[in-house]
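Undergrad: Before I ask anything, let me first share the structure, which is written out below as structure tokens.
The values are calculated or read from the model by the stated rules, or taken from the named source; none is laboratory data. Everything numeric in this text was worked out from a predicted model, so none of it was measured. Virtual Cβ from ideal backbone geometry, glycine too; neighbours counted across all protein chains shown. Ligands, DNA and RNA are excluded from the accessible area calculation, which covers all protein heavy atoms including side chains. Shrake-Rupley method; radii C 1.70, N 1.55, O 1.52, S 1.80 Å.
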Amino acid sequence: MSFIFLNILLCLGLVVSAFVVDRKTNESHINGSIVNLILMLAIIFFSMALTIGLCLRGVKQFSLILGRVTFMFMGWFSVLSCEYLCLYPGRKRNGVLKLTRAVLFFIAFYIIFFVPNAFTTISVTKRNGLQIASGLVFRGSLSRVFPFSWLAFYNLIYRFVIPLFACLMVLVRAEMNKSKLVMQNMIFAVLGMVFSWICFRYMNMIIVHNSNVLTITAIGYIPQLLMYNKANTNEEILDFPMFMRTIVKFILNYIIPIALLGGILFCLDSVFGAKQIYVLCALYFLSSLFVFIVLPKIFKNLTKHGFLRDKKYERNFERDLSSIKFDSSAQEVAGSIFSVFQKYLGTTEMKVYINSNNENLDLAYDSTNTAEASMPLDMGVIDVLLNNHRQVVFREYAEVSTQVTIIRKRLLDMFEKLNCDALILLNEGRSLAGIISLGKKSSGNIYNEYDYAMFNKYYSNLFVAGYFIKNIINENVVGTVNREIRMSGQIITSIQENMDIIKSSKVDIGYRMIPAHNIGGEFIDLIRLTETRHIFVIGALSGKGISASMGMVILKSIIRTFLTETKDFKLLVSKVNNFIRESLPKGTFFAGTFGMFDFATDTMYYINCGSPALFVYTRAYNNVIEVQGEGHVLGFVKDVLPYLTVKKVKLSPNDIVMSCTDGLIETRSLHGDVFGKERAYAGLLENSGFSADKMAQFTYESLIEFTSKELDNDITILIIKYLGK
């Protein structure tokens with residue numbers, strides 16, 4: 001009874017595992033999916049449980065047929081497992097492999113069902129346990145030399161001989177592989193086979209004393225699946241501490257629970273037997289709950305501390321990056337960044353190069369003081385990487401990825417020249433601001449997928465640092481005092497100079513961006529799509545000081561990058577929202593407006609993202625209306641797409657569009673009065689006869705006159721006069 005229950009329990013556990021692996025695994029089109037292997041093993045356990053049940057019921061003919069099917073499935077499982085191993089990590093199945101699989105399937109089927117005396121009877125008794133009658137392969141004198149039964153011969157071929165050939169093939173391929181990580185993972189997969197052989201050997205020794213163990217012999221396949229999954233999900237080259245940690249976790253998570261449950265079930269079966277079946281089932285259920293629910297939680301708490309703890313560094317990595325102060329020299333800032341990488345990743349060296357002329361990279365920082373002062377810049381390599389949206393590039397990626405095939409040699413040459421294993425490209429749109437190169441890890445490990453995720457997640461912090469280093473490296477430009485203020489001025493100037501000013505006789509543009517304290521996070525951008533279409537963005541990022549200024553540089557750059565990927569106006573805003581949530585410092589949000597002019601149809605489309613005011617002056621009615629519409633601030637909601645609404649306004653000659661940030665609307669006078677929307681559109685009416693630039697200036701001057709004091713808020717105003725010529 002206990003072995004029926006154990007087979008069913010293993011079946012259910014494998015089905016659950018299949019769903020978990022299917023959700024988490026990152027396989028790249030590997031033929032013979034590991035999920036299918038897990039489900040097939042679950043079927044084998046369920047089939048074995050049915051076979052035992054039928055034997056106990058005395059249904060001999062059906063139990064024999066089902067027993068044969070079960071052992072045939074075991075042989076087929078071995079073949080599919082070997083095929084998976086031969087294809088790892090992602091090779092395509094060829095004709096020879098397909099033919100070999102079909103032949104081995106047929107041989108297994110023939111031995112089990114058609115060879116005389118190969119599998120004659122199956123029975124279960126209380127005294128002798130599970131018994132399978134199988135005749136000898138050889139007769140006469142040969143039987144003394146090769147005393148194999150057909151069942152033993154079948155198991156030898158499908159559990160050892162065929163897997164041995166597959167392992168040898170994979171080891172040869174692993175030796176030829178250039179990637180250390182892939183080679184290690186291929187060895188992991190081979191170790192799965194070795195562990196299975198050990199498991200089968202151990203179970204054969206137990207079967208001599210208790211033949212019922214034969215009913216759970218398929219447990220020997222589980223190490224294969226565990227190691228295959230490990231090979232698929234592993235992202236690190238194991239050093240000795242990591243190896244020992246993995247072994248201990250494997251014992252805690254798998255060996256101890258399975259062994260403990262088996263022992264408990266065997267003891268319960270011996271004490272209660274079949275006479276107290278309901279009590280036995282209840283105790284089985286409680287034992288399973290303890291082993292698979294309570295025990296894992298205890299072990300999970302153990303692995304959170306000390307030696308067994310996963311070496312994940314995200315929280316501290318973010319904290320230390322965010323705590324870097326930008327009030328010192330470029331060397332000190334770069335040194336602080338290197339200290340963070342050294343502390344959490346064991347990075348042995350770091351260099352920072354800045355792009356001065358698109359021909360050479362100039363050295364700004366070198367932790368080793370041995371690098372050359374400049375190196376040639378291969379923009380062809382950079383363009384390919386940026387086109388693939390790879391700001392973070394590891395040596396492993398350069399060695400194996402098909403995305404960089406055409407530049408592989410040049411990219412690897414760059415890694416060699418910089419003596420590094422990781423590159424972080426600091427880009428502004430499609431132009432390169434600089435490069436941060438990271439040397440090998442002191443542990444000898446590689447930069448893995450977890451590192452890649454962290455570098456991408458906190459890329460904005462690294463970009464801020466790199467941009468700061470680039471702009472203050474020339475001490476004669478910045479000086480030694482008040483670096484934040486000077487830096488912010490450079491950033492705002494950079495934003496203004498990089499706008500695509502609309503060159504159309506149909507429109508006149510004017511704007512003012514005035515930081516309250518020479519530093520802020522507000523910006524305007526104009527982006528040309530076609531001759532007849534332009535996008536405008538106006539808004540404010542939360543925060544103060546240089547972090548807000550850097551944030552607006554990054555956001556401006558990423559908006560232009562996203563426009564190269566999507567032409568969908570609504571999807572663009574959604575992607576910007578996701579970037580703010582995932583890549584900018586926590587708590588950052590954006591309030592503003594995204595708009596698009598279509599001169600061919602004289603139409604303005606816009607999406608309000610928490611903009612305080614968007615006014616349209618209509619010449620025909622000599623009146624100002626607010627067309628703000630519904631909108632959500634970006635950076636709060638995970639999926640903002642359902643909340644975005646695209647509005648449109650038909651424009652006529654001499655209509656005027658005015659947008660501003662909350663600094664204009666919410667600024668108070670000395671008496672505590674708010675400037676408000678009424679004064680804003682009253683000024684719009686009064687100054688409608690002037691050019692857009694003068695209108696923006698007059699609006700700002702009226703605010704200064706109203707407040708009669710120094711401004712506390714940043715002021716950003718955008719005026720668009722639609723001439724319609």
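Undergrad: What number of residues within segment 169-187 satisfy the criterion of being open to solvent by 60 Å² or more (accessible area, probe 1.4 Å), within 20 Å of residue 398 (Cβ to Cβ) and either touching a Leu at 6+ places or on another chain (Cβ under 9 Å) or outside any helix (DSSP H, G or I) (or both)?
TA: Total meeting the criteria: 1.
Undergrad: Another question about this same structure. Which ones in segment 663-681 are over 14 Å from residue 718 (Cβ atoms) and touching a residue at least 40 places away in the same chain (Cβ under 8 Å)?
TA: Passing the criteria: 666, 667, 669, 677, 681.
Undergrad: Identify the single condition in (1) in a helix (DSSP H, G or I); (2) over 40 Å from the mean Cα position of the chain (by Cα); (3) under 30 Å from residue 568 (Cβ atoms) that residue 642 does not satisfy, given that it satisfies every other one.
TA: It is condition (2) that residue 642 fails.
Undergrad: Any idea which residue in segment 591-618 is nearest to residue 639 (Cα to Cα), counting only those that are among the aromatic types (Phe, Trp, Tyr) and touching a Lys or Arg at 6+ places or on another chain (Cβ under 6 Å)?
TA: 606
Undergrad: Got a number for residues in segment 446-467 being crowded, with 18+ Cβ neighbours inside 10 Å and outside any loop (DSSP other than H, G, I, E, B)?
TA: The total comes to 13.
Undergrad: What number of residues in segment 529-559 are among the basic types (Lys, Arg) and open to solvent by 20 Å² or more (accessible area, probe 1.4 Å)?
TA: Residues flagged as among the basic types (Lys, Arg) and open to solvent by 20 Å² or more (accessible area, probe 1.4 Å) within segment 529-559 amount to 2.
Undergrad: Shifting gears a bit: Which of (1) part of a helix (DSSP H, G or I); (2) touching a helix residue (DSSP H, G or I) at 6+ places or on another chain (Cβ under 9 Å) does residue 138 not meet, given it meets every other one?
TA: (1)
Undergrad: So residue 562 fits all but one of (1) over 25 Å from residue 314 (Cα atoms); (2) open to solvent by 20 Å² or more (accessible area, probe 1.4 Å); (3) at pLDDT below 80; (4) touching a helix residue (DSSP H, G or I) at 6+ places or on another chain (Cβ under 7 Å); what number is the exception?
TA: Result: residue 562 passes all but (3).
Undergrad: Hey, another quick one. Going by the structure shown, is residue 607 at pLDDT 85 or above and either closer than 25 Å to residue 568 by Cα or open to solvent by 70 Å² or more (accessible area, probe 1.4 Å) (or both)?
TA: Yes.
Undergrad: Same structure, new question: With respect to residue 614, determine if the residue is in a helix (DSSP H, G or I) and more than 26 Å from residue 318 (Cβ to Cβ).
TA: No: the conditions fail for residue 614.
Undergrad: When the residues of segment 48-98 are filtered to those that are free of Cβ contacts under 8 Å to residues at least 12 places away in the same chain and over 40 Å from the mean Cα position of the chain (by Cα), which remaining residue is surrounded by the most Cβ atoms within 10 Å (Cβ to Cβ)?
TA: Going through the qualifying residues, I end up with 65.
Undergrad: Whether any residue in segment 112-124 is among the aromatic types (Phe, Trp, Tyr), part of a helix (DSSP H, G or I) and open to solvent by 10 Å² or more (accessible area, probe 1.4 Å) is what I want to check.
TA: yes
Undergrad: Considering only residues that are under 47 Å from the mean Cα position of the chain (by Cα) and more than 23 Å from residue 534 (Cβ to Cβ), which ones fall in segment 676-709?
TA: 676, 677, 680, 700, listed by residue number.
Undergrad: Just to be sure I understand the filter: pairs with C-beta atoms under 9 Å, separated by 6 or more residues or on different chains, first member in segment 152-176 and farther than 20 Å from residue 137 by Cβ, second member open to solvent by 50 Å² or more (accessible area, probe 1.4 Å) and outside any helix (DSSP H, G or I). Which pairs pass?
TA: Every condition considered, the pairs that remain are 173/91.
Undergrad: Still on this structure, please answer the following. Of all residues in segment 610-628, count the ones that are open to solvent by 10 Å² or more (accessible area, probe 1.4 Å) and of a type in the set (A, V, I, L, M).
TA: Matching residues across segment 610-628 total 4.
Undergrad: Can you find a residue in segment 581-603 that is touching a residue at least 24 places away in the same chain (Cβ under 8 Å), surrounded by 20 or more Cβ atoms within 10 Å (Cβ to Cβ) and in a helix (DSSP H, G or I)?
TA: No, segment 581-603 has no match at all.
Undergrad: Return the pairs, sorted by first residue and then second, in which the second residue is part of a helix (DSSP H, G or I), the first residue lies in segment 203-218 and is open to solvent by 50 Å² or more (accessible area, probe 1.4 Å), the beta carbons are less than 6 Å apart, and the residues are 6+ apart or on different chains.
TA: Pairs found: 206/213.
Undergrad: Scan segment 90-106 residue by residue and report those that are out of contact with any helix residue (DSSP H, G or I) (no Cβ under 8 Å at 6 or more places or on another chain) and hydrophobic (A, V, I, L, M, F, W, C).
TA: Passing the criteria: 96, 99, 102, 103, 106.
Undergrad: Does residue 107 satisfy being part of a helix (DSSP H, G or I), in contact with a Lys or Arg (Cβ under 9 Å, 6 or more places away or on another chain) and more than 30 Å from residue 449 (Cβ to Cβ)?
TA: No.
Undergrad: Also: Helices (runs of 4 or more DSSP H) wholly in segment 658-717 with at least 2 residues that are of a type in the set (D, E, K, R) and under 22 Å from residue 539 (Cβ atoms) - which ones?
TA: 662-666, 676-686
Undergrad: Follow-up question, since we're still on this one. With the checklist (1) of a type in the set (S, T, N, Q); (2) closer than 24 Å to residue 579 by Cα; (3) at pLDDT 85 or above in hand, flag the one item residue 488 doesn't pass.
TA: Evaluating residue 488 over (1) of a type in the set (S, T, N, Q); (2) closer than 24 Å to residue 579 by Cα; (3) at pLDDT 85 or above leaves (3) as the failure.
Undergrad: With respect to residue 101, is the statement that it is part of a helix (DSSP H, G or I) and free of Cβ contacts under 8 Å to residues at least 40 places away in the same chain true?
TA: yes
Undergrad: Quick one: residue 570 ticks every box in (1) closer than 21 Å to residue 503 by Cα; (2) in a helix (DSSP H, G or I) bar one, so which box is it?
TA: Result: residue 570 fails condition (1) only.
Undergrad: When segment 688-707 is examined, which residues are found to be modelled with pLDDT under 90, open to solvent by less than 40 Å² (accessible area, probe 1.4 Å) and closer than 19 Å to residue 623 by Cβ?
TA: The one that is modelled with pLDDT under 90, open to solvent by less than 40 Å² (accessible area, probe 1.4 Å) and closer than 19 Å to residue 623 by Cβ: 688.
Undergrad: Just checking, how many residues over segment 636-646 are buried (at least 19 other Cβ atoms within 10 Å of the Cβ) and out of contact with any strand residue (DSSP E or B) (no Cβ under 6 Å at 6 or more places or on another chain)?
TA: 1
Undergrad: Does residue 435 fit the bill of being in contact with a Gly (Cβ under 9 Å, 6 or more places away or on another chain), among the β-branched types (Val, Ile, Thr) and buried (at least 20 other Cβ atoms within 10 Å of the Cβ)?
TA: yes
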